[in-house]
Amino acid sequence: QVRLVESGGGLVQAGGSLRLSCAASGRAFSIYTIGWFRQAPGKEREFVAAISWNGEIYYADSVKGRFTITRDNAKNTVYLQMNSLRPEDTADYYCAATPRRPVVEVSGYNYWGQGTQVTVSS
């Protein structure tokens, strides 16, 4: 069992930055892949980024070059640094965990946090 808690969301102007955190509790956090997803109002939840236990990283094309995912296993935390934010990045952001390799499908993740809201104003 893994419990995930997101933080760091907020309101920012276009071009600004935010850093989201995903703090995990539970056994063997270091072996889990952690993914970030987002869901805008009226849209399906979509993949943003993921990092495996050994540092294998994937990004959605829409955030490549702007977002950076990192993990600190000593702190049981994964971070999502978001730079050059755009209004279209506005969404609820969720972190999720899976014991498998990184995948982009929502169904591939076993545990989910409650989400943190990000609003980017134009």
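Here are a few things to note about the model shown:
- Placing unit charges on each Cβ (+1 for Lys and Arg, -1 for Asp and Glu) gives the chain a dipole about its Cα centre, and among L85, Y109, G55 the Cα reaching farthest toward its positive end belongs to G55.
- Antiparallel %, DSSP beta bridges [both residues in the chain], to 5: 90
- Ordering Y94, G10, N76 by Cα displacement along the dipole of the chain toward the positive end leaves N76 in first place; charges were set at the Cβ atoms of Lys, Arg (+1) and Asp, Glu (-1).
- Cβ-defined net charge surrounding Y94, 12 Å radius [Lys, Arg +1; Asp, Glu -1]: -1
- When a 1.4 Å probe is rolled over the protein heavy atoms, the share of accessible surface on the chain that falls to carbon and sulfur comes to 47 percent.
- Computed from the C-alpha gyration tensor, the three semi-axes of the ellipsoid equivalent to the chain are 23, 14, 13 Å, from longest to shortest.
- Estimated dipole of segment 1-48 in Debye, rounded to 20 [Cβ of Lys and Arg +1, of Asp and Glu -1, Cα centre]: 100
- Relative contact order of the chain, taken over Cα pairs closer than 8 Å and 6 or more residues apart, is 37 percent.
- Residues S107 and S62, FRET efficiency given R0 of 22 Å [Cβ-Cβ distance, rounded to 0.05]: 0.60
- Each Lys and Arg Cβ is given +1 and each Asp and Glu Cβ -1; about its Cα centre, the chain then shows a dipole of about 280 debye.
- Accessible area per residue for segment 26-81 is 52 Å², calculated with a 1.4 Å probe on protein heavy atoms, without ligands, DNA or RNA.
The values are calculated or read from the model by the stated rules, or taken from the named source; none is laboratory data. Worth saying up front: this structure is predicted, and the values here are computed from it rather than measured. Positions of Cβ are generated from backbone atoms using ideal geometry, with glycine treated the same way; all protein chains shown enter the neighbour counts. Side chains are part of the model used for accessible areas, which takes the heavy atoms of the whole protein and leaves out ligands, DNA and RNA. Shrake-Rupley method; radii C 1.70, N 1.55, O 1.52, S 1.80 Å.
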